[in-house]
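Q: For reference, the structure I am asking about is given below.
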Amino acid sequence: MKRSEINRIIELAEVFLAKRCFVLPPFASWSASTWPARAEEAAAVVARRLGWDITDFGRGDFRRTGLVLFTLRNGDPADLGRGRGMLYGEKVLIVEPDQATPLHLHRVKTEDIINRGGGRLALRLYNASEDGAREESPVVVWTDGMRRVVPAGDTVVLGPGESVTLPDGLYHEFWGVDDRVLVGEVSLVNDDATDNYFYEDVGRFPEIVEDEPPHRLLVGDYERYAVPDG
């Protein structure tokens, strides 16, 4: 992706979030030049990879296959083994109509996906075998605490205010319906580097062509911009 495209996407996301009265933490609006000067106080932000995350999944067509994410809080995966500490994460996502996040699962993370407003959100679901194959068995999920059984490959559609719990090991892909959707994610500790398993060969983080300076840093930029002498 070109940096200019990423910059425009974030600018539009900032406008949309403001219209939805969803306020991000202060570091969300830091410029690239601000980060090195505040590296010490923002060390946990960098370590936990909080912040902006824009991806086209390596497809080169963000409008059809892409996602805007902002990680608001996240624990340390090392705490999972001892069962204590900050064992949770939270994100906000922006999903456009017919803009797909490709079929994938998480081996560790269970997550609630919540429609926070806007259009509807459609999710296609499959059970997965131990070797990662899609299964044709019915899928059992919980929507707002209600047990629901859907055929393999069927869709669950969430209206504003509705949510679904996606357990670890469940394949899911999603896209917006009718209008742009503000989506919340509340989950176990999030590890995007090692706990995303895509059914097809896609790239989770884009390679960036630096055709202009960054408007906001992405989580993938921190090593380069946010650490002094990095």
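The values are calculated or read from the model by the stated rules, or taken from the named source; none is laboratory data. Just so you know, these numbers come straight off a predicted model, no measurement behind them. Glycine also receives a Cβ, built like all others from the backbone with ideal geometry; neighbour counts cover every protein chain displayed.
Q: Can you find a residue that is under 17 Å from residue 179 (Cα atoms) and either at pLDDT below 95 or of a type in the set (A, V, I, L, M, F, W, C) (or both) anywhere in the stretch 130-147? Talk me through it step by step, then tell me what you get.
A: Step one: list which residues in the stretch 130-147 are under 17 Å from residue 179 (Cα atoms), which gives none.
The answer is no; no qualifying residue exists.
Q: Do the conditions hold for residue 145, that is, is it among the small types (Gly, Ala, Ser) and within 27 Å of residue 13 (Cβ to Cβ)? Before you say what the answer is, go through the steps one by one.
A: On the way: among the small types (Gly, Ala, Ser): yes; within 27 Å of residue 13 (Cβ to Cβ): no.
So residue 145 does not fit the description; no.
Q: In addition: Could you check how many residues of the stretch 21-55 are surrounded by 15 or more Cβ atoms within 10 Å (Cβ to Cβ) and assigned to a loop (DSSP other than H, G, I, E, B)?
A: 9
Q: Among the listed residues 151, 214, which satisfies the condition of being touching a helix residue (DSSP H, G or I) at 6+ places or on another chain (Cβ under 7 Å) and either farther than 27 Å from residue 119 by Cα or not β-branched (Val, Ile, Thr) (or both)? So that I can check it myself, show each step before the final result.
A: On the way: 151 fails: touching a helix residue (DSSP H, G or I) at 6+ places or on another chain (Cβ under 7 Å).
Testing whether each residue is touching a helix residue (DSSP H, G or I) at 6+ places or on another chain (Cβ under 7 Å) and either farther than 27 Å from residue 119 by Cα or not β-branched (Val, Ile, Thr) (or both) leaves just 214.
Here's the yes/no breakdown for (1) hydrophobic (A, V, I, L, M, F, W, C); (2) under 19 Å from residue 195 (Cα atoms):
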{"site": "67", "(1), (2)": "yes, yes"}
{"site": "72", "(1), (2)": "yes, yes"}
{"site": "78", "(1), (2)": "yes, yes"}
{"site": "98", "(1), (2)": "no, no"}
{"site": "101", "(1), (2)": "no, yes"}
{"site": "106", "(1), (2)": "no, yes"}
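Q: Here is a check on your reading of the model: is residue 202 of a type in the set (Val, Ile, Thr) and modelled with pLDDT of 95 or more? Steps first, answer last, please.
A: Values: of a type in the set (Val, Ile, Thr): yes; modelled with pLDDT of 95 or more: no.
No: the conditions fail for residue 202.
Q: Of the residues 68, 92, which is among the β-branched types (Val, Ile, Thr), surrounded by 21 or more Cβ atoms within 10 Å (Cβ to Cβ) and closer than 22 Å to residue 11 by Cα? If you could, list the steps in order and put the result at the bottom.
A: Working: 92 fails: surrounded by 21 or more Cβ atoms within 10 Å (Cβ to Cβ).
Going through 68, 92 in turn, just one is among the β-branched types (Val, Ile, Thr), surrounded by 21 or more Cβ atoms within 10 Å (Cβ to Cβ) and closer than 22 Å to residue 11 by Cα: 68.
Q: Follow-up question, since we're still on this one. Could you please give the count of residues in the stretch 66-104 that are acidic (Asp, Glu) and either free of Cβ contacts under 8 Å to residues at least 40 places away in the same chain or touching a Phe, Trp or Tyr at 6+ places or on another chain (Cβ under 9 Å) (or both)? Don't jump to the end; show me each part of the working.
A: The initial filter retains those residues of the stretch 66-104 that are acidic (Asp, Glu), namely 76, 79, 90, 96, 98.
Checking which are either free of Cβ contacts under 8 Å to residues at least 40 places away in the same chain or touching a Phe, Trp or Tyr at 6+ places or on another chain (Cβ under 9 Å) (or both) leaves us with 96, 98.
Residues that pass the stated criteria total 2.
Q: Provide a single number: the residues in the stretch 196-210 that are within 25 Å of residue 32 (Cβ to Cβ) and surrounded by 12 or more Cβ atoms within 10 Å (Cβ to Cβ). Full working, then the answer.
A: First pass over the stretch 196-210, keeping only residues within 25 Å of residue 32 (Cβ to Cβ): 203-210.
The next check asks that each one be surrounded by 12 or more Cβ atoms within 10 Å (Cβ to Cβ); those that pass are 203-206, 208-209.
Residues flagged as within 25 Å of residue 32 (Cβ to Cβ) and surrounded by 12 or more Cβ atoms within 10 Å (Cβ to Cβ) within the stretch 196-210 amount to 6.
Q: Could you identify the single residue in 133, 152, 193, 100 that is buried (at least 16 other Cβ atoms within 10 Å of the Cβ) and small (Gly, Ala, Ser)?
A: On the way: 133 fails: buried (at least 16 other Cβ atoms within 10 Å of the Cβ); 152 fails: buried (at least 16 other Cβ atoms within 10 Å of the Cβ); 193 fails: buried (at least 16 other Cβ atoms within 10 Å of the Cβ).
Testing whether each residue is buried (at least 16 other Cβ atoms within 10 Å of the Cβ) and small (Gly, Ala, Ser) leaves just 100.
Q: Which of (1) modelled with pLDDT of 95 or more; (2) within 18 Å of the chain's Cα centre (by Cα) does residue 3 not meet, given it meets every other one?
A: With (1) modelled with pLDDT of 95 or more; (2) within 18 Å of the chain's Cα centre (by Cα) applied to residue 3, the lone miss is (2).
Q: Test of understanding: among 59, 63, 48, which residue is without any contact (Cβ under 8 Å) to a residue 40 or more places away in the chain, within 18 Å of residue 203 (Cα to Cα) and of a type in the set (Lys, Arg)? Break it down into steps so the answer makes sense when it comes.
A: Working: 59 fails: without any contact (Cβ under 8 Å) to a residue 40 or more places away in the chain; 48 fails: within 18 Å of residue 203 (Cα to Cα).
Result: 63 is the single residue among 59, 63, 48 that is without any contact (Cβ under 8 Å) to a residue 40 or more places away in the chain, within 18 Å of residue 203 (Cα to Cα) and of a type in the set (Lys, Arg).
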